[in-house]
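Presented below is the structure to which this report refers.
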Amino acid sequence: MQIFTTRRELQQFALGAKRSGKSIALVPTMGFLHEGHTSLMDIARGKADIVIVSIFVNPKQFAPTEDFDRYPRDFEGDLAKCEAHKVDVVFAPEISEMYDVNSSTWVEETVLAKPLCGASRPTFYRGVTTVVAKLFLLAQPDYAVFGLKDAQQCFVIQRMVRDLDFPVEIIPAPLVRDADGLALSSRNRYLSADERRRALSIHQSLLGAKARIISEKTFAPAISEAVEKVSAAGGKVDYIEILDCDTMAAPDENSKRVILAAAAFFGTTRLIDNEIFEL
Ligand code: AMP
């Protein structure tokens, strides 16, 4: 496994690999890797000759009040996991290497990125699309794997790729959960044992609301009940909403696939989860 820390090394390597006819799959991450991330690596491994994992805590997607400084890190542990999942290249640049000091260009998707996390974190998605666009130009991937744990992010990237003609296929990967249903997240590390137990209410209330929506064919009562359940468990609900996956607007009579998405704070930790289903 090779480790690159400069943009130039990665781009030279990727262009060389493409010239010799090899396909590349990219898995962008912020590190502190868990089985959600390694499931993406396994999908990438099944798709392409070369698997590249990027590990970069991207400051451009954190607001000043957010957890950039304390975001969990474990570079040695991450390398061992990449090695175990047969990754060929890890790209782990410093911030000063990734962004020139006077960098002033943003890539911004302006519709799908607006609701849900985009409403509560207004500068988040433009940070994500900007860094992912750069990673695509550096790693030259034929495939890029994104987890449906961050489903809105995945839809925003798919739209960016379509609108800007990036020659890459986005592969959405299933959300991986712990045995008790909690969506795996690097941020779960922040939770006390008690908060973690109470946070199970997010997934449980989404499952309850999904069952009610499917059987009753109305949204509002099911969503109110879900908000009440998470609040009763001590969570501070940021949002629980149902949207059409294609438009990220309220579902209408033409909607097929919908996302029931939740974000809630337990203590100071903001967790997200979702269920995607057909109406
Ligand atoms: P992150 O390191 O949190 O930025 O995530 C990097 C990639 O891993 C993103 O595509 C995430 O959607 C994906 N990911 C994170 N957690 C999970 C999970 N529990 N299941 C599936 N994919 C995940």
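Quick notes
- Degrees separating the helix 35-47 axis from the principal Cα axis of the chain, which is the longest one: 50
- Other-chain or far-sequence residues with amide H under 5 Å of Ile3's (modelled H): Val90
- Options Ile242, Ala211, Gly21, ranked by Cα towards positive dipole end of the chain, top entry (Cβ charges): Gly21
- Per residue of the chain, the DSSP helices (runs of n ≥ 4 H) give a summed -39500 (n - 2.57) that works out to -12500 deg cm²/dmol at 222 nm.
- Between helix 75-84 and the chain there is an angle of about 80 degrees, using the helix long axis and the longest principal axis of the Cα atoms.
- Just checking the listed ones, Arg197, Arg257, Arg19: in the Gaussian network model of the chain with Cα springs under 10 Å, the one fluctuating most is Arg19.
- Comparing Cα centroids, segment 189-222 and segment 109-175 end up 26 angstrom apart.
- The chain - share of DSSP beta bridges that are antiparallel (%, nearest 5): 50
- Sparse-neighbour loop sites [GluC sites (Glu not before Pro); segment 84-117; at most 10 other C-beta within 10 Å; DSSP]: Glu94
- If only the Cβ of Lys and Arg carry +1 and only the Cβ of Asp and Glu carry -1, the dipole of the chain around its Cα centre is close to 160 debye.
- Value of relative contact order over the chain, rounded to a whole percent, pairs C-alpha under 8 Å and six or more apart: 18
- Here segment 147-256 is assigned +1 on the Cβ of each Lys and Arg and -1 on the Cβ of each Asp and Glu. Its dipole about the Cα centre then comes out at about 460 debye.
- Where GluC sites (Glu not before Pro) fall in DSSP loop in segment 10-91, at most 16 other Cβ within 10 Å: Glu66
- Gyration tensor (alpha-carbon) shape descriptor, segment 161-204, a/c threshold 1.5: prolate
- Theoretical FRET efficiency, 1/(1+(r/R0)^6), r = Cβ-Cβ of Arg189 and Glu253, R0 41 Å, to 0.05: 0.45
- Rounded if a/c under 1.5, otherwise prolate or oblate - segment 157-279, Cα gyration tensor axes: oblate
We did not get these values from a lab; they are worked out from the coordinates using the rules stated. Just so it is clear, the structure is predicted and the values come from calculations on it, not from any experiment. Glycine gets a Cβ as well: all are built from the backbone with ideal geometry, and neighbour counts include every protein chain shown.
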